[in-house]
Amino acid sequence: MNTDHCITLKDVSVGYHGHQILTDINFSLKTGGFTVMFGPNGCGKTTLFKTILGIISPIHGTITYGDSHYPRFGYVPQRQILDEIYPFTAEEVVFMGTFGQVKPFCPTTKENRDWVEQCLEDVGMLDLKKRLFSELSGGQKQRILIARALATKPEILLLDEPITGVDIIAQRKIMELISLLHKKHELTIVMVTHEIHSIPKWIDKLIWINDNKVQIGNSLEILAPLLAEEASFQGTLWH
Amino acid sequence: MEQLLEILSPHFLLKNSLYAGLIVGFVCPQVGIFFVLRRMVLLGIALPQVSNAGITFAFLLHTIGLHFLPHMESEKFMALTGSVFFTLVAIFILAILERRRKGFNENRIGFTYSIAGAASILFVSWNPYGQTEVLSLLKGEIVSVPDIYLWLMLAIYGTIFICLVGFHRSFVVVSYDADMATTIGKKVIFWDVLLYLIIGVVISFGVMTVGPLVIFGFLLIPAITARMITRGILPFCIISSIIGVVSAFLGFYLSYRYDLPTGPTDVVLLSAILLLSFLGKMALSWKK
């Protein structure tokens, strides 16, 4: 990407079927930056996230992308939405990331196979590539979905609640992996979470969504009062 | 053995029926895997019934004199048109209602099945001349398949199979994760519409040729069986079609050998394979 900002939202309102959930959203995301969208369940984080991805159209306002073309997104959805009836192996799930670049009727190339192996290796899941996706643990599934997103050769990696519903050790490993990918591949990362403790201190931008309002700042400005408040309410605020 | 050699002979009188069954057994499971994976099994029951209602309605129109082609040609083509029209209208209405989340899917499909079944019977009962032919279709007696029908079937099902294989990646990713598919540039609505069109054509043409019971059986049972015994999407697709073809051939042989109606024999055989696979899987898991 040539420009400093890879995504810019101007006077954007988001919602479903004309019903606005969040209004007057204005911010830009820096190329190569790490942004976290944070807020309680049901506040509209995922709706805003899907609007940025182009899955939902904004009700008002405009979203512009860095080079004015739709960037290549690496999208990591909430793993719970994926139906386990599909008999995919871990490797087959990662292959889906390459489907945007492969033409119909063309067989899978060796180059794509090698690339998928590389992505599996990057997330530490190469040994489990022949296991059924449905048989993996929550943390392992999340790694496979990150590998699938990497297989798209993304300019921007977007992760929707990547650590929700996994144990504390898996949470730490996933966050370490995301941080490593950010540094190693210099990827622009946007992560959605409602887990206040999962937010790294060194992130570039924090977008706090609460009570239909969007507040933008750095992690210290926004999180310090929230953490203090949470401590006084014995950790009940965000769960 | 004698009958088996007779069936395999190129001069076998009912060879077209055997070939039609094999084509259905090979292609229908490839469509059926999307019914199973998208959890649309109930739709797989209702749509053949809707198609059947279309056929009976067309026969009724033909009998009362509403036909535009010479008598013999017009009858079958009107039936095919009725089948395709009813099925496509039903599948698109159901798809739109599902997308707009109006009411419960099971209720809509249950209603569709009931009304289509009732309409089929009423159309037949109002038709004083076509009852025998329609009833044999309902029972799945794949006896007389004219040459032109076999070639048409081969062309249509062959094209559909090529589409399913060539566009496999798009159909799979759109079915599994529509949001992700959007982010990699897939037009979800386009692929959904194409898949529904394929489903509609396979069902309507198949019901016209071999009847609703056989189509339902070959759409769903091979895919359900293969889902149980395979790991990975490619083995799942291949095994589904193998089960379909083997059942179609054995079903035809048994029906010829013991003078049974072919359609129900095929479906019973498919069900037996499903049951044996389930028991085999259970036995293996106990051993472990």
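Computed values, structure above
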{"read-out": "Equivalent ellipsoid dimensions for region B:247-288 as semi-axes, Å, which come from the Cα gyration tensor, largest first", "value": "28, 8, 6"}
{"read-out": "Under the span-like rule (Cα at least 20 Å along the axis, Kyte-Doolittle mean at least 0.5), DSSP H helices of chain B", "value": "B:15-37, B:41-63, B:71-99, B:105-125, B:147-166, B:188-210, B:212-229, B:233-258, B:262-287"}
{"read-out": "Spherically averaged projected area in nm², based on the convex hull that wraps the Cα atoms of the protein assembly as shown", "value": "30.0 nm²"}
{"read-out": "More than 13 angstrom apart: percent of Cα pairs within region A:111-162", "value": "57 percent"}
{"read-out": "Rounded Å value of the spacing that divides the Cα centres of region B:158-204 and region A:135-201", "value": "29 Å"}
{"read-out": "Bins of 5 Å, starting at 0 and running to the largest distance - Cα pair percent for region A:15-115", "value": "2, 8, 16, 18, 16, 16, 12, 8, 4, 0"}
{"read-out": "Rg and Dmax [Cα atoms of region A:103-210; Å; Rg one decimal, Dmax integer]", "value": "15.0, 47"}
{"read-out": "Kirkwood hydrodynamic radius over Cα pairs of region B:155-214, then Stokes diffusion coefficient at 20 °C and 1.002 mPa s, in µm²/s", "value": "172 µm²/s"}
{"read-out": "Geometric extent, Cα atoms of chain A - Rg, Dmax (angstrom)", "value": "18.1, 61"}
{"read-out": "Cross-link reach list, aspartates and glutamates versus A:K45, counting only Cα pairs under 16 Å and skipping chain neighbours closer than eight places", "value": "A:D24, A:D160, A:E161, A:E195, A:D211, B:D179"}
{"read-out": "Estimated inter-spin distance, A:E135 and A:I168, nm [label 7 Å along Cα→Cβ]", "value": "3.1 nm"}
{"read-out": "Label-to-label distance, nm, for residues given as B:I242 and A:T62 (7 Å Cα→Cβ offset)", "value": "5.7 nm"}
{"read-out": "Per-residue HN-Hα couplings for region A:164-175 [Karplus 6.51, -1.76, 1.60; θ = phi - 60°; Hz; x = Gly/Pro]", "value": "5, x, 10, 5, 5, 5, 4, 4, 5, 5, 5, 5"}
{"read-out": "FRET efficiency for A:T108 and A:A228, using Cβ-Cβ distance with R0 set to 45 Å, rounded to 0.05", "value": "0.25"}
{"read-out": "Square roots of 5 times each gyration tensor eigenvalue, C-alpha, region A:159-222, largest first, Å", "value": "20, 15, 10"}
{"read-out": "At 0.692 mPa s and 37 °C, Stokes D of region A:83-137 from Kirkwood alpha-carbon radius, µm² per second", "value": "276 µm²/s"}
{"read-out": "Cβ-based net charge around A:F95, under 14 Å, with every Lys or Arg adding one and every Asp or Glu removing one", "value": "+1"}
{"read-out": "Nonlocal amide H pairs with A:I7, under 5 Å, H built at 1.01 Å", "value": "A:L29, A:G66"}
{"read-out": "Partner aspartates and glutamates for A:K183 [C-alpha distance under 18 Å; skip if fewer than 8 residues away on the same chain]", "value": "A:D4, A:E121, A:D122, A:E155, A:D204"}
{"read-out": "Proximal aspartates and glutamates to B:K76, defined as alpha-carbon separation beneath 12 angstrom and excluding residues fewer than eight positions away on the same chain", "value": "B:E133"}
{"read-out": "Interchain or long-range residues, amide H under 5 Å from A:G15's placed H", "value": "A:I21, A:I59"}
{"read-out": "Under the Debye formula (equal points on every Cα, no solvent term), log10 I(q)/I(0) of chain B at q = 0.09, 0.13 Å⁻¹", "value": "-0.44, -0.92"}
{"read-out": "Stokes-Einstein diffusion coefficient of region B:150-288, Kirkwood radius over Cα pairs, 20 °C, 1.002 mPa s, in µm²/s", "value": "128 µm²/s"}
{"read-out": "Surface per residue (accessible, 1.4 Å probe) for region B:212-253, Å²", "value": "31 Å²"}
{"read-out": "Those trypsin sites (Lys or Arg not before Pro) in region A:120-149 that DSSP places in a loop and that have at most 13 other beta carbons within 10 Å", "value": "A:K130"}
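The values are calculated or read from the model by the stated rules, or taken from the named source; none is laboratory data. Source: prediction; values computed, not measured. In this analysis, Cβ positions are derived from the backbone assuming ideal geometry, glycine residues included, and neighbour counts consider all displayed protein chains. Surface areas here come from the heavy atoms of the whole protein model, side chains and all, with no ligands, DNA or RNA. Shrake-Rupley method; radii C 1.70, N 1.55, O 1.52, S 1.80 Å.
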